[in-house]
Amino acid sequence: MRTKVKTKRSDIVIENGIEYTSKVMLDLQNLKKVYPTPKGDYVVLEDLNLQIMKEEFVTIIGHSGCGKTTMLSMIAGLNPISDGRISVLGNPIKGPGPDRGVIFQSPSLMPWLTTLENVMLGVRQVFPQAKKKERIDICKYYLSKVGLEGSFDKKASELSQGMQQRVGIARAFAIKPKVLLLDEPFGMLDSLTRGELQDVLIEIWNKEKITAVMITHDVDEAIFLADRVVMMTSGPSAKIGDILNIEFERPRTRKAIIEHNDYYKYRKHLIDFLEH
C-alpha cells in the first residue's frame, strides 16, 4: 500500500512502511548478488545502496569483475536479485519492463530488418494503442535525432558498427523509458566514433531528461557525461567505494570541460581510486 504523507516535505511517500522521496527515480537497497558454485557461494555484490534522482545522469566505473554489468542487468530485470530490492519510483521491479530502456555494448539488431523496423519492434510493444502513423513518426523522430534520417530503409546488416549503435540509442529513447541503462555502449567503437556518439547521446538526453545510469571504463567519458560518478570496489563482494559529484553546468561542451580548472582534479580523483 502506498500513501502520501503530510510532512514538511511534500515529496515523502510511504510504501509497506518504507519511506521514499518522490524525487528518487531509482533506489537500490542492500542489494546482493550470489552465484552458487561447487566450492560454495560466490558473492558478486553485497550491501550495495544507491539512490539516483529524477533526471540525473550517473556513470559507474570500476575494475573488470567488480559487478558493474551484473548490477545493471539486475536493474534491467534480466538477472534475479539474491537479496535486497530495486525500486523505480518506489515500485519494486519484477523483471524487465518498458520503464527501463537498455543500450548494450553490442546493439543486437535484427540484421534482416530495416533501421525503422528495428526501432518499431519496441515502439509497437510499448504503444499498442497508437495509430500506425504515430508509431512511425516516433521511430523517424529518434532515428533523425541520432543522424540516420537518410537511412530509414537500410537493412541493419548494411550499417557500420557505429551506425548500428545509433539505431540502438534511437530504439532505447523511442520507448520513452523512465530510466535509461547503458552498458558500455561505446566500448567497441573507435575513439572518433565514440566521441561523436557521446555527443549524440548527451544532446538527446539534455532534451528528454530521462534518468540515466551508464557503465564505462573510460574516466574522461565518465566525467563528461555525468552528474555523479559512482566508483565500485573490486570484487568479490563489491560495493560502492566512493561517489564524486561533477559540478560542470549543462549543457556541456568537451572543449569547455577540458579547459575547466576542476577537470584534472576530478580526473585525478577517479584515477587515484582505480589505482588503489
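The values are calculated or read from the model by the stated rules, or taken from the named source; none is laboratory data. Since this is a predicted model, take the numbers as computed values, not measurements. So basically every Cβ, Gly included, is an ideal-geometry build from the backbone, and we count neighbours across all protein chains shown.
Residue 177 meets the conditions (1) in contact with a Leu (Cβ under 9 Å, 6 or more places away or on another chain); (2) surrounded by 22 or more Cβ atoms within 10 Å (Cβ to Cβ); (3) under 29 Å from residue 29 (Cβ atoms); (4) modelled with pLDDT of 95 or more in every case but one. The failed one is (1). Scanning region 34-49 for residues that are assigned to a strand (DSSP E or B) and out of contact with any Asp or Glu (no Cβ under 8 Å at 6 or more places or on another chain) yields 36, 37, 40, 41, 42, 43, 44, 45, 46, 47, 48, 49. If the condition is being in a strand (DSSP E or B) and at pLDDT below 90, then region 1-33 contributes 2, 3, 4, 12, 13, 14, 15, 18, 19, 20, 21.
Scanning region 238-249 for residues that are surrounded by 11 or more Cβ atoms within 10 Å (Cβ to Cβ) and over 23 Å from residue 45 (Cβ atoms) gives 246, 248. When region 155-170 is limited to residues that are under 17 Å from residue 122 (Cβ atoms) and under 20 Å from the mean Cα position of the chain (by Cα), the one that is surrounded by the fewest Cβ atoms within 10 Å (Cβ to Cβ) turns out to be 164.
Which of the residues belonging to region 34-55 are within 21 Å of residue 96 (Cα to Cα) and acidic (Asp, Glu)? Scanning region 34-55 gives a single hit, 55.
Applying a threshold of 6 Å to beta carbon distances and a minimum spacing of six or more residues, or different chains, the list of pairs starting in region 263-276 at a residue that is within 13 Å of residue 242 (Cβ to Cβ) and ending at one that is surrounded by 11 or more Cβ atoms within 10 Å (Cβ to Cβ) and not aliphatic (A, V, I, L, M) reads 273/242.
Among the residues of region 23-43, the ones that are surrounded by 22 or more Cβ atoms within 10 Å (Cβ to Cβ) and within 18 Å of residue 237 (Cα to Cα) come to 2 in all. Look at (1) in contact with a helix residue (DSSP H, G or I) (Cβ under 6 Å, 6 or more places away or on another chain); (2) assigned to a loop (DSSP other than H, G, I, E, B) and you find that residue 173 fails only one, number (2).
Scanning region 181-236 for residues that are in contact with a strand residue (DSSP E or B) (Cβ under 6 Å, 6 or more places away or on another chain) and among the β-branched types (Val, Ile, Thr) gives 210, 211, 213, 215, 216, 229, 230, 233.
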